[in-house]
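Everything below concerns the one structure shown next.
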Amino acid sequence: MKLKYLEISGFKSFRDKVVLDFAAGVSAVVGPNGCGKSNVVDAIRWVMGEQRIKSLRGAKMEDVIFNGSQEAAPVGMAEISMILAADGVTFPDPYTACSELTVTRRLFRDGESEYAVNGVTCRLLDVREFFLGTGVGARTYSIIEQNSVASLVEAKPEERRQFIEEAAGISKYKTRKESALRKLEATKQNILRLNDILREVKSQLNAVSRQAKRAEQYRDLKAAIREDEIAAALYAYIELCEKHTNLAQQQEAWERRESELKASLASCETLLAAAKLEVVTQESERSQYQEKIYQLRTSIQVKEKGVEFSKGRIADINARKERLGEEIRQLKARHEELLRERERITVLQQVLDGDIAQAQDHTKDVEGKVSEIKRELSSRQQHLEENKVQLIDIAAEKSRLNNNYGHLVRVIDDLGRKRERNNKDIGDHRQGVLRLEERLKELAASLNEDLERLGQLRSSKATAAEEWENARTELQEVEGMIDSLKEDLNSRSSRFTSLKELHDGYVWCNEATRSIMMAQETKGLQGVARDQVIGLVAEQIRVPQAYETAVEAVLGDKLQYVVVRSHEAGVQAIDYLKEAAVGRSSFVPLQVRHAAQRTANAEHLRETERLIDRIEVAESFRGIAEYLLGDVLLIPNLRNGLDLWNRNGFRGTFVTPDGDMISPQGVLTGGRNGKGDRSLLKNKREMEALEAGIRDLSTALQEEGMRKKRLVSLAARGEEDLNSLTSDIHAVELQCNSHKKDVERYQEELKRIRQTLKILEFNSENLDEEDQQAREKLKNGQEDLEGQKKLEAAIQETLAVLQEKVGQLRRGLEDRDRELTAEKVRQASLAEKQKSAVRSFERINTEIDILTEKIRESMEDSLTSKSQVEEIQGAVAREELQLADLYKSFAEMEGLLAEKKDLYALAEASLKDWESKSREEKEKSDQIIKQGRDLETVAREISYQMDSLSRMIAEKYGIVLHEQAGDVQRINDEDMKVMQERLVKNRQLLDAFGEVNLLAISEYDQLKERLDFLTSQARDLDASVQTLEQTIAKINRVSRQRFAETFDAVRVCFREMFSRIFPGGKGELHLTDESDLLETGVDIDIQIPGKRPQNISLLSGGEKSLAAIALILAIIMYRPTPFLVLDEVDAALDDANVDLFAKIIKEIAANSQVILITHNKRTMEVAENLFGVTMQKQGISAVVSVSLN
């Protein structure tokens, strides 16, 4: 297997796609610093599955994507493909049949990563397993970088072991072993959980089995109750049926009686209805007469009001007639004055009219002659010029019309063809618009749905990302808190356990006391009841920290006194010590006798205080405490105590907080223990504090553990949701972009077609208009041409006559102009006088017309008033006649109404008689109906009881009573009573049965089935554990064998290679633990020629590099790698060692493909292919390859 190609795109400084064609032998990658040479090594390591971002010289995985430069924008994806050739060696399964294999890795800027083998998407695990055991990989000896050369020599023995394992080909076994161990652990956990479930299921099965037996008893009891209830229901049903039959016969008799009463009541009601009808008829006629009288009264009132109103109008009209007569007399007087004035002006106008008429006639004659001459002259001249111009225009127009005619014929033909073609294009484009609009509607609807969904997904993703990030942050905080709590808890628990062991073992006591207490806690003291031994004095008191030293100094060994309930118990305990011969001890009874209380109330002792007042003791122990500490006083220091002791009075013990004492006899005791031993009371206090702290920490740790579980679940669920949302958003974005492009494309096409359609429609309208205009022009042109020809001949004849007549008219015109001027001056003077007279005449005529109109209107009003008075007087006379007739009719109607009232009273009395008879018949009918209803109610109640009984039995037991009733035989009363008593007893037993799980029987069957299934699963898991353990044992056996063989071979190769690189030197590999070949590390012993053996860390940089190269080459000599990548490993070597390094590389190239990254020209000379990495554009790497062969 060899590396054939390496395709890099968007990775680090390689923005554009670069293909490196690696041939067999040695290939060198060269170039200046910072141009991206080492990025080639990072690319090889990355595509083989490297996940450690520090190994790729980055801070986060997205750093491997090209991030842009001054001349180029960032890219969104990094992709590397490694093409491997089999080269006579088969690939691992399942690629054994392939001659070439492509491994691809992609990383997107949003964090998504993809792996593929031969274009098929796979997992990172698949890529790693492919390279396991081949000698190449992201973390094997096949890729060595400059910064890892020296660290390889200085690495821990366990880290060096990995290179030997890779050479031995057991790395894949190690991976499988780890997987098997995980499976084994998971299987064991499953077994534990399964055993717990089995115990739980067995417990449930035992409980359910009892419930199942109880359920069967309950079921039998229910069956007995069912049979008795059905029988009782059948007998009750039969009795109800018999009652129902008897009631039916009674109802038939009642129905016959009811029919007779109904017939009698119907006859009575018929006569009553006739009486009611007569009353209603009389009432109706009476109402009609009353209505007529009301109408007559209303008509009389209306007529009276009308007569009164007409008389008032006559008075008003007569007054108005008198006013109009006075106005007419005044208007006639003024009218006569105006007539006389108008006659005077008329005479004056007649005189002026005669003079003006004479002057005007003469002037008109002259002007008429002049005008006639001018008109005729002008007409003749104009006519002459027009004829000349017209003659020229006619000639030009004839030529133009001839040309126009031919042009219009051609235009009409062209327009017809254009219109036909244009109409066809319009139809095609309209169909296209409809299709595009329909498609756009579909796309717009889809796009809106996608955009709405995209917005929802992005909002959900932002929320999910924020929640996930918060959960991760909170989880990290919780994990840190848990680690801190665990560390603190372990520390405290360890300390508490140590102190507890010391305390419970009574190590601090003498042997006798320890023997007593241990025996008391285990089997008890022989002859001494357990409750007689209470404990030690130290266990009965609680001492504040400030007084622990003072109490221990005062009590000393007394802290080990054993507290007993009585002297007898102490004697028996001493007998036990004597028999056991384990030493001596002291026993203090609860009822101890102590000396009389020594007073401490002396004046000079007021500055002191009793030590017993500063400690806590149980009330039952108070006497012993008084005996031990009752005469002990606290003092600030010894000097103060000595001063008090020297005074007479108190004969007790003085003690300082530091434990210095003055005995009653004056003996001084004090000092400090320099060994740092902890005191008994201090240990006891610390144990109590530790126990409380442990409880608090355990509670806090449990709470944080629950919180961590919740956060882990929340983070995992959040990450799954985030990945799902990211995938959905990516898919929806692609769909949206596709729809947007389709919409834009269709919109542009629709816009173009609509514009074209508008142009075509506009062209169509223009063509129609042009065709119509052309045809009209053609027709008009033909007519114009014929007319022009005729007109040309007529004008030529007229032109000669006109020229002769114009000369005669010019001479006559000059004579008439002089005569006309004199006559116009005279006429102007007469015209001014006439205007003044006319204005006066018009004013008078206007005023006369106004007065005449007013006189006429007044006279008309007067005549109208007279006729109105006559009409109103006639109407009043007629109204009075009608009013007399109405009075007469009103009197007649009142008489008729009195007669109708009498008839109505007679009909009403007859109606009351028939109503009384009808009520009597109805009361009889109601009694019969009530009896019938009572029978019907009883029958209905019996039917309801039958239906209820039938429905209850049908719902409860699914039996139809009326079908079973025919087959039932009647039983006597005693049998019925026995059955009823049995039913009551069974019901009482059922009520006293308590709660019963009727599903217990089916639950028992299910649990039994589940128990059998779980038992078989447990057997399968046990078999799986055995298989996994056998597999692990086999892997361990193979791993030990291969590791031992490979280590021995590599050790020999290392000796040879080291002595070759360092002539005269010694290099040795050895195992740190030969007894454990699975975990042992590999150590190196090196002796440089001319030097003593020394620590590897003291070697120079070049020596470290050469030693590391020796180790790597030794491994390769034993197990050649398909390809070896060396990144500037010769940087620390001098020229002599570079030559040696180059020579060895040539030897290795015979079996392995070598890729060098170097700055050294001597190393470049070994290469058969050179790849130059440059940056033609700033920040973007490019590759130039040269084959030296």
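The values are calculated or read from the model by the stated rules, or taken from the named source; none is laboratory data. In this text, all values refer to a predicted model and were calculated from it rather than measured experimentally. Neighbour counts run over all protein chains shown; Cβ positions are idealised from the backbone, glycine included.
For Gly1090, only one of the following conditions fails: (1) more than 21 Å from Glu1165 (Cα to Cα); (2) surrounded by 20 or more Cβ atoms within 10 Å (Cβ to Cβ). What is its number?
(2)
Listed residues Gln282, Gln301; which is surrounded by 13 or more Cβ atoms within 10 Å (Cβ to Cβ) and in a helix (DSSP H, G or I)? Don't jump to the end; show me each part of the working.
Working: Gln301 fails: surrounded by 13 or more Cβ atoms within 10 Å (Cβ to Cβ).
Being surrounded by 13 or more Cβ atoms within 10 Å (Cβ to Cβ) and in a helix (DSSP H, G or I) holds for just one of Gln282, Gln301, which is Gln282.
For region 11-31, give me the residue count where each residue is in contact with a Leu (Cβ under 9 Å, 6 or more places away or on another chain) and surrounded by 19 or more Cβ atoms within 10 Å (Cβ to Cβ).
Going through region 11-31 one residue at a time, the tally reaches 10.
Tally time: how many residues in region 1150-1189 are more than 19 Å from Thr1121 (Cβ to Cβ), of a type in the set (S, T, N, Q) and surrounded by fewer than 22 Cβ atoms within 10 Å (Cβ to Cβ)?
Qualifying residue count for the region: 7.
Scan Arg52, Arg45 and give me the residue that is under 27 Å from Glu1147 (Cβ atoms) and in contact with a Lys or Arg (Cβ under 9 Å, 6 or more places away or on another chain). Walk me through it before giving the result.
Numbers: Arg52 fails: under 27 Å from Glu1147 (Cβ atoms).
Step by step, each of Arg52, Arg45 is checked, and only Arg45 is under 27 Å from Glu1147 (Cβ atoms) and in contact with a Lys or Arg (Cβ under 9 Å, 6 or more places away or on another chain).
Against the definition (part of a helix (DSSP H, G or I) and either within 30 Å of Thr756 (Cα to Cα) or within 60 Å of the chain's Cα centre (by Cα) (or both)), how does Leu415 come out, yes or no?
On the way: part of a helix (DSSP H, G or I): yes; either within 30 Å of Thr756 (Cα to Cα) or within 60 Å of the chain's Cα centre (by Cα) (or both): yes.
The answer is yes for Leu415.
Inside region 65-94, can you point out the residues that are on the phi < 0 side of the Ramachandran plot and of a type in the set (Asp, Glu)?
Start the filter on region 65-94 by keeping residues that are on the phi < 0 side of the Ramachandran plot, which leaves 65-67, 69-86, 89-94.
Those that are on the phi < 0 side of the Ramachandran plot and of a type in the set (Asp, Glu): Glu71, Glu79, Asp93.
Considering each of Glu609, Glu603 in turn, give the residue that is acidic (Asp, Glu), out of contact with any Asp or Glu (no Cβ under 6 Å at 6 or more places or on another chain), modelled with pLDDT of 75 or more and under 24 Å from Leu629 (Cα atoms).
On the way: Glu603 fails: modelled with pLDDT of 75 or more.
One residue alone meets the criteria, Glu609.
Considering only region 757-767, how many residues are closer than 23 Å to Leu401 by Cα and surrounded by fewer than 16 Cβ atoms within 10 Å (Cβ to Cβ)?
Count: 0.
If you take the residues of region 237-256 that are in contact (Cβ under 8 Å) with a residue 60 or more places away in the chain and of a type in the set (D, E, K, R), which of them is surrounded by the fewest Cβ atoms within 10 Å (Cβ to Cβ)? So that I can check it myself, show each step before the final result.
Here is the first cut: in region 237-256, the residues in contact (Cβ under 8 Å) with a residue 60 or more places away in the chain are 237-238, 240-241, 243-244, 247-248, 250-251, 254-255.
Next, from what is left, pick out any that are of a type in the set (D, E, K, R): 243, 255.
Details: Lys243: 15, Glu255: 12.
Ranking the candidates gives Glu255 first.
Can you tell me how many residues in region 1036-1064 are free of Cβ contacts under 8 Å to residues at least 40 places away in the same chain and either touching a helix residue (DSSP H, G or I) at 6+ places or on another chain (Cβ under 6 Å) or more than 30 Å from Val1138 (Cα to Cα) (or both)?
Within region 1036-1064, residues that are free of Cβ contacts under 8 Å to residues at least 40 places away in the same chain and either touching a helix residue (DSSP H, G or I) at 6+ places or on another chain (Cβ under 6 Å) or more than 30 Å from Val1138 (Cα to Cα) (or both) number 4.
Scanning region 943-967 for residues that are of a type outside the set (Gly, Ala, Ser) and touching a Cys at 6+ places or on another chain (Cβ under 9 Å), which turns out modelled with the highest pLDDT? Lay out the reasoning, then the answer.
From region 943-967, those of a type outside the set (Gly, Ala, Ser) are 944-947, 949, 951-953, 955-957, 959-964, 967; that's our starting set.
From the residues that got through so far, the ones that are touching a Cys at 6+ places or on another chain (Cβ under 9 Å) too are 946, 962.
Values: Met946: 75, His962: 69.
Selected residue: Met946.
Going by the conditions given, is Asp1083 in a strand (DSSP E or B) and farther than 30 Å from Lys17 by Cα?
Details: in a strand (DSSP E or B): yes; farther than 30 Å from Lys17 by Cα: yes.
So Asp1083 fits the description; yes.
Need pairs with beta-carbon distance below 7 Å; first residue touching a residue at least 12 places away in the same chain (Cβ under 8 Å) and over 13 Å from Asn1160 (Cβ atoms) and within region 1136-1149, second in a helix (DSSP H, G or I) and not polar (S, T, N, Q); sequence gap 6+ or separate chains.
These pairs meet every condition: Ile1144/Leu1113; Ile1148/Leu1113; Ile1148/Ile1116.
Just to be sure, is Ala465 touching a residue at least 40 places away in the same chain (Cβ under 8 Å), among the small types (Gly, Ala, Ser) and closer than 30 Å to Leu734 by Cα?
Numbers: touching a residue at least 40 places away in the same chain (Cβ under 8 Å): yes; among the small types (Gly, Ala, Ser): yes; closer than 30 Å to Leu734 by Cα: yes.
Taking the combined requirement at face value, the residue satisfies it.
Just to check your reading of the model, which residue among Ala538, Ala553, Ala546 is within 30 Å of Leu634 (Cβ to Cβ) and touching a Pro at 6+ places or on another chain (Cβ under 9 Å)? So that I can check it myself, show each step before the final result.
Details: Ala538 fails: touching a Pro at 6+ places or on another chain (Cβ under 9 Å); Ala553 fails: touching a Pro at 6+ places or on another chain (Cβ under 9 Å).
Among Ala538, Ala553, Ala546, only Ala546 is within 30 Å of Leu634 (Cβ to Cβ) and touching a Pro at 6+ places or on another chain (Cβ under 9 Å).
Within region 27-71, track down each residue that is of a type in the set (S, T, N, Q) and under 17 Å from Leu1126 (Cβ atoms).
Of the residues in region 27-71, the ones of a type in the set (S, T, N, Q) are 27, 33, 38-39, 51, 55, 67, 69-70.
Answer for region 27-71, where residues must be of a type in the set (S, T, N, Q) and under 17 Å from Leu1126 (Cβ atoms): Ser27, Ser38, Asn39, Ser55.
Would you call Ser698 part of a helix (DSSP H, G or I), loosely packed, with under 15 Cβ neighbours inside 10 Å and at pLDDT below 80? Lay out the reasoning, then the answer.
Numbers: part of a helix (DSSP H, G or I): yes; loosely packed, with under 15 Cβ neighbours inside 10 Å: yes; at pLDDT below 80: no.
Answer is no for this residue.
Look at region 525-560 and say how many of its residues are touching a residue at least 40 places away in the same chain (Cβ under 8 Å) and part of a strand (DSSP E or B).
Result for region 525-560: 4.
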